[in-house]
Amino acid sequence: MLKTSITSILCTLVLLITAPAIAQQVREPKVTKQEWLKPYPPFRIAGNLYYVGTYDLACYLIVTAKGNILINTGVASSAAQIKSSIEQLGFRLADTKILLTTQAHFDHLGAMAAIKKMTGAEMMVDEKDADVLRDGGKSDYEMGGDASAFEPVQPARLLRDGDTIALDNMKLVILHHPGHTKGSCSYLFTVNDEQQAYKVLIANMPSIITERPFAEVTSYPGIAEDYARIHVKGYEGHFF
Ligand SMILES: [Zn+2]
């Protein structure tokens, strides 16, 4: 009886200790491009739009009087650098209210869970990338596997093509540009500086990551049609 109880307690303890570890197991792919990690001085792009990414992984900050919007985070280790870049510009990471990404891959979402915890901001994602966001990339059609490639993030809002994301006087329109991931997307909005207004497109470039013929990518039915559609129509009229 006593032995059974001890065994049962031990089993419970083992479960308590291992369950969170299993749930949060993240194996970020090895970063081979040093440019992804190399710091880059933050700068104002135009109006209230700023660059806060690394040398070769772009992250953007849109600043408003009611808080800020952060688009993309780079890899996991970039969290501290993004915080530092935002502070160097004279802003506060804690003022981040909305988190966005252009695609659910680890080199855009690696630090998203950490920054969400640090800020309490709401994550919004193209609905077609929501599952991959929630499982840290395990269900990605090409890069998925047993372990998460980035720490999973729970979205607060799912976005569809043409939806508006509003904060203070900013209105961003999401453009669904699938193919690279099922929910790759771009953001279209206007910023103003002292002289003029600028129409801005933060575009997800539709590079092809699979080396298989599209017909063999059964984990993404419709991949050929998605790429064909965005190459013909997706960016039409939206370049600077
Ligand atoms: Zn990617």
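The values are calculated or read from the model by the stated rules, or taken from the named source; none is laboratory data. The model shown is predicted, which means the values in this text are computed figures rather than measured ones. Glycine gets a Cβ as well: all are built from the backbone with ideal geometry, and neighbour counts include every protein chain shown.
Quick notes
- Options 90, 74, 145: the member that is within 16 Å of the ligand (Cβ to nearest atom), in a loop (DSSP other than H, G, I, E, B) and out of contact with any Cys (no Cβ under 7 Å at 6 or more places or on another chain): 145
- Filter result for residue 159 (of a type outside the set (Lys, Arg) and in contact with a Leu (Cβ under 8 Å, 6 or more places away or on another chain)): no
- Flag if residue 50 is at negative phi and in a strand (DSSP E or B): yes
- Within the stretch 133-141, the presence of a residue that is more than 16 Å from the ligand (Cβ to nearest atom), surrounded by fewer than 20 Cβ atoms within 10 Å (Cβ to Cβ) and touching a residue at least 40 places away in the same chain (Cβ under 8 Å) is excluded.
- Residue check for residue 120: modelled with pLDDT of 95 or more and surrounded by fewer than 23 Cβ atoms within 10 Å (Cβ to Cβ): yes
- Selection of the stretch 81-108 for residues being over 22 Å from residue 48 (Cα atoms) and out of contact with any Leu (no Cβ under 7 Å at 6 or more places or on another chain) yields 103, 105, 106.
- Among the numbered conditions (1) over 30 Å from residue 215 (Cβ atoms); (2) away from the ligand (no atom under 16 Å from the Cβ); (3) outside any helix (DSSP H, G or I); (4) free of Cβ contacts under 8 Å to residues at least 60 places away in the same chain, the only one that residue 158 does not meet is (1).
- Number of the exception - residue 127 against (1) within 22 Å of residue 226 (Cα to Cα); (2) within 16 Å of the ligand (Cβ to nearest atom); (3) not basic (Lys, Arg): (2)
- Put simply, of 173, 191, 153 the only residue that is in contact (Cβ under 8 Å) with a residue 60 or more places away in the chain, surrounded by 13 or more Cβ atoms within 10 Å (Cβ to Cβ) and not small (Gly, Ala, Ser) is 191.
- Where residue 56 falls short, out of the listed (1) surrounded by 16 or more Cβ atoms within 10 Å (Cβ to Cβ); (2) within 14 Å of the ligand (Cβ to nearest atom): (1)
Conditions (1) part of a loop (DSSP other than H, G, I, E, B); (2) in contact with a Phe, Trp or Tyr (Cβ under 7 Å, 6 or more places away or on another chain), marked per residue:
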site: 162; (1), (2): yes, no
site: 172; (1), (2): no, yes
site: 178; (1), (2): yes, no
site: 189; (1), (2): no, no
site: 195; (1), (2): yes, no
site: 204; (1), (2): yes, no
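- Taken over the stretch 93-112, residues that are part of a loop (DSSP other than H, G, I, E, B), more than 10 Å from the ligand (Cβ to nearest atom) and either basic (Lys, Arg) or touching an Asp or Glu at 6+ places or on another chain (Cβ under 7 Å) (or both) amount to 1.
- Some residue of the stretch 114-135 being farther than 22 Å from residue 163 by Cβ and out of contact with any Ser or Thr (no Cβ under 9 Å at 6 or more places or on another chain): yes
- In the stretch 182-215, the residue that is farthest from residue 57 (Cα to Cα) out of those that are touching a helix residue (DSSP H, G or I) at 6+ places or on another chain (Cβ under 8 Å) and away from the ligand (no atom under 16 Å from the Cβ) is 215.
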